[in-house]
């Protein structure tokens with residue numbers, strides 16, 4: 001592969017470069033390390049410093065590796081330790097347990113200096129929390145579908161928010177011996193219950209979990225709101241990526257519609 005000699009050297013790595021499938025398909029493995037390209041250097045230096053200082057109990061956390069210069073970002077790449085683990089569909093109850101352990105460890109972190117990336121996922125979070133709008137090129141049918149869901153929620157005056165991992169369903173890896181491993185931190189600032197709702201909704205829509213497993217979340221008005229916002233988030237991401245292709249959007253909508261129908 002072109003490029004990597006300087007990057008690999010900057011993290012003091014040696015070995016074959018192996019592309020990894022998953023996420024955005026941009027990560028590679030070199031021996032016991034995983035390299036991933038990033039855009040915002042300051043954002044990732046700040047973020048990885050936080051992860052480096054967490055001492056996980058009852059789960060494992062994919063820890064960053066510093067470059068030979070002492071930085072976490074080198075030549076536009078970050079590096080984390082490669083650890084054993086396999087992605088497993090479903091397993092909502094166990095994933096929620098791991099999520100709660102991790103979010104407990106994140107709860108004391110000061111997020112005031114957190115600068116959210118301006119990527120499709122960050123934009124979709126803002127839409128889900130009524131702080132942003134869909135792009136102008138989105139078809140009216142798509143816009144109306146998401147607006148109808150937004151009418152089902154109201155912003156409260158106060159939410160208990162913190163740093164959360166907003167993409168856990170496929171980023172908790174399991175091993176027969178070792179504790180579950182959390183990878184690919186997708187940070188946002190929101191209630192923990194929102195992160196849990198995204199996890200459960202993703203497992204149902206994408207991983208074949210049964211619709212009644214939504215009942216693993218508490219049955220109350222607040223969690224219902226978080227579930228609706230989680231669905232809006234995922235559909236907003238799809239709306240951004242699908243652009244004018246309403247048929248592509250509606251395929252994703254049909255996967256998540258069962259969740260809205262179930263909780264109403």
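Can you say what percent of the DSSP beta bridges in the chain, counting only those with both residues inside, are antiparallel? Round to 5. Within the chain, antiparallel bridges account for around 90 percent of the total. Using only the Cα atoms of the range 112-165, build the gyration tensor, take square roots of its eigenvalues as a ≥ b ≥ c, and label the shape rounded, prolate or oblate: rounded if a/c is under 1.5, else prolate if a/b is larger than b/c, else oblate. Because a/c hits 1.5 or more and a/b fails to exceed b/c, the range 112-165 counts as oblate.
Remark: relative contact order (the range 127-264) = 31 percent; criterion is Cα-Cα distance under 8 angstrom and separation of 6 or more residues. Please check which bits of the range 226-240 a label hung off residue 143 would reach, taking the label as a point 7 Å along Cα-to-C-beta and the cut-off as backbone N under 14 Å. Answer for the range 226-240: 240. By the Cα gyration tensor, the range 161-264 has an equivalent ellipsoid whose semi-axes, rounded to whole angstrom, run 22, 17, 15 from largest to smallest.
Estimated at 0.36 nm per residue, the fully extended path between residue 6 and residue 108 surpasses their Cα-Cα distance by 33.0 nm.
Binning all Cα-Cα separations of the range 209-250 at 10 Å, short to long from zero, yields these whole-percent fractions: 26, 37, 28, 8. Plainly put, the chain has a radius of gyration that is 0.97 times its Kirkwood radius, both from alpha-carbon atoms, as the Rg/Rh ratio. Placing pseudo-labels 7 Å out from each Cα toward the beta carbon at residue 45 and residue 133 gives an inter-label distance of 3.6 nm.
Distance between the 7 Å Cα→Cβ label points at residue 52 and residue 210: 4.6 nm. The range 42-64 and the range 69-104 have Cα centres separated by 9 Å. Report, in whole Å, the centroid distance computed from the Cα atoms of the range 161-208 and the range 119-160. Using only Cα atoms to place each centre, the spacing works out to 21 Å. When only Cα pairs below 8 angstrom with a gap of at least 6 residues are kept, the chain shows a relative contact order of 19 percent.
Using Cα atoms only, what is the angle between the long axis of helix 221-242 and the major principal axis of the chain, expressed in degrees (0 to 90) to the nearest 10? Result, in degrees: 70. Compute the helix-to-body angle for 41-52: its Cα long axis versus the longest principal axis of the chain, expressed 0 to 90° and rounded to tens. Value to nearest ten degrees: 80.
Under the criterion of Cα pairs below 8 Å and six or more residues apart, the relative contact order for the range 5-83 equals 34 percent. Which shape class, rounded, prolate or oblate, goes with the range 40-159 when its Cα gyration tensor gives a ≥ b ≥ c as root eigenvalues, a/c under 1.5 marks rounded, and past that a/b bigger than b/c marks prolate? Because a/c hits 1.5 or more and a/b exceeds b/c, the range 40-159 counts as prolate. In whole angstrom, the range 136-209 maps to an equivalent ellipsoid with semi-axes of 29, 18, 11, each derived as √(5λ) from the alpha carbon gyration tensor and ordered largest first.
Using the alpha-carbon atoms, what tilt in degrees (0 to 90, nearest 10) does helix 192-206 show relative to the longest principal axis of the chain? In the chain, helix 192-206 runs at an angle near 80 degrees to the longest axis. The alpha carbon radius of gyration of the range 5-83, expressed as a multiple of 2.2 N^0.38 Å, is 1.06.
Every read-out reported here was derived from the displayed coordinates using simple, explicitly stated rules and does not represent laboratory data. Predicted model only: the values in this text are computed from it and were never measured. As a convention, Cβ positions derive from the backbone with ideal geometry for all residues, glycine included, and neighbour counts pool all protein chains shown.
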